[in-house]
Amino acid sequence: MTSRPLLRRRPAAVALAVPAPQAAHRLWMLALGVLVVLALALPAQARMPESFADLADRVSPSVVNITTSTTVAQTSGPGIPEGSPFEEFFRDFFDRGTPEGQRPRRSQALGSGFVISEDGYIVTNNHVIDAADEIRVEFFSGLELDATLVGTDPLTDLALLKVDHGSPLPAVPWGDSETARVGDWVIAVGNPLGQGFSVSAGIISAKGRALQGSYDDYIQTDAAINRGNSGGPLFNMDGEVIGVNTAILSPTGGSIGIGFAMSAAVATGVVDQLQEFGETQRGWLGVRIQDVTPEIAEAMDLEEPRGALVTDVPEGPAADAGVLSGDVIVTFDGGAVADTRELVRRVGNAEAGRAVPLGVWRDGEIKELSVVLGRRELAEGSAAAPSEPGDRSETEMLGMQLSVLTPDMRDELGLSAGTTGLAIVDVDEMSEAWTKGLRPGDVITEAGQRPVESVADFEARIEETRDAGRRSLLLLIRRGGEPRFVAININD
């Protein structure tokens, strides 16, 4: 009877020993899983820096403060409208015994820039140095040098400067803005509000933003950008420049977290041309185009709205290549074309004089053509010849009195030298234009997402919109340098 309890205990001991390897195996697998999770998490943590200090230390020596001086005529008083009952009073008041008030005075402006080569080439914004008599740059080290202007491109608001120094200057490399993603960390370095070198951090909020021009490709960021940051670099976490800080969207004039930097994809091509030629030499196709709407795509048997619909083919490269009105350009230089804006930008970035393949949708199939690109600057120069008799510079349409933007108007409205469009002189208060907030002093730079430079351009956009069966025309309006879109009914 004493043996039975012993027999019961021995199996119990065995039962405890058998699961031990299984438990160890489970613990080992759990530990391995934890290690895998940590290994996967480490790269993500590496992309979220605890501090930007090392990056700021590395790139700051290549960022410069820019100070410009300009001689301007001294006015005798405030801008009182001609014919105002106060005109004579203010003229007498400011002219009274103050001949020195008529002397020219010096005006200064502040901005930022960055060195792209050891021999002293510096990138900034065109509006920072526009009309400047003297340009001076200050480095992070305190070194100050006079700069000369190499070239400008008002269409992308970029400028290239050159300084001479006895030893190599610290330079920063360009980065690939195309591979940058929304949500990536970036830092902006510059001279905000004249406060000296300053660093702000944020993320890429959006890409591919268009503000006013056909070549726009802006990166939107919430990194703080203020006046004085213009022309400064937007860095990725590798210390590469992926954008040139250019503009902010703000009702107050200060940063509200919506800043824009011209992408390196656009800036590098422009800067290379400025460095080589002192000016841009953009490709020119020589067609008038419009976007393909779903209705147009269906009518032309296209599977989806894509490409750029050719509305006219004047004498030029496209005509020589056999492009016809009614063709839809669906590929350019081996790449698909999404819309008119993409085509204009890609043609402009292409080298003038080069033969490129062109795919057009015609009669239900794609036809391959080859076109030798012209140079846009020369084409626009010939297009700017004196107007033919009967051309109009003013008209009244859609409840607005419109006038072609003149250099004097551009200066008065504070617009950059390259801005073109139609100035709104007056607005009928009973019109939809007034209801939509359009006012005298606004400038229409685009209609139907295409540039407008003349009354004829605007009329053509209206007719194209009607022909496409649409009731509203999308206008790009600039007021005080700030852009906004307004859709207006063309049937009123």
Problem - Rotationally averaged projected area of the range 102-258 (alpha carbon convex hull; nm²) - result: 10.6 nm²
Completion exercise
Length gained if Val182 through Arg471 is fully extended, taking 0.36 nm per residue and subtracting the Cα-Cα distance, is 100.6 nm
Handout entry: Along principal axes, Cα extents of the range 196-307, largest first, whole Å
Key = 57, 36, 29
Practice task
Would you mind getting the Kirkwood hydrodynamic radius of the range 283-379 from its Cα pairs, rounded to one decimal in Å?
Solution key: 13.0 Å
Practice task
Send over the semi-axes of the range 396-457's equivalent ellipsoid, whole angstrom and largest first, taken as the square roots of 5 times the C-alpha gyration tensor eigenvalues.
Solution key: 19, 13, 10
Fill in the blank from the handout: If amide H atoms are modeled at 1.01 Å from N in the peptide plane, then the residues at a separation of 5 or more from Gly190, or on another chain, having amide H under 5 Å from its own are Ser198
Completion exercise
Residue separation between Asp320 and Ala338 times 0.36 nm, minus their alpha-carbon distance, gives in nm 4.1 nm
Completion exercise
Length gained, Glu429-Thr70, 0.36 nm per residue minus C-alpha separation, equals 125.2 nm
Handout entry: Pairwise centroid distance, computed over Cα atoms, of the range 145-185 with the range 247-261, Å
Key = 21 Å
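Every number here is computed from the coordinates shown, using simple stated rules; none is lab data. Model, not experiment: these values are computed from the prediction.
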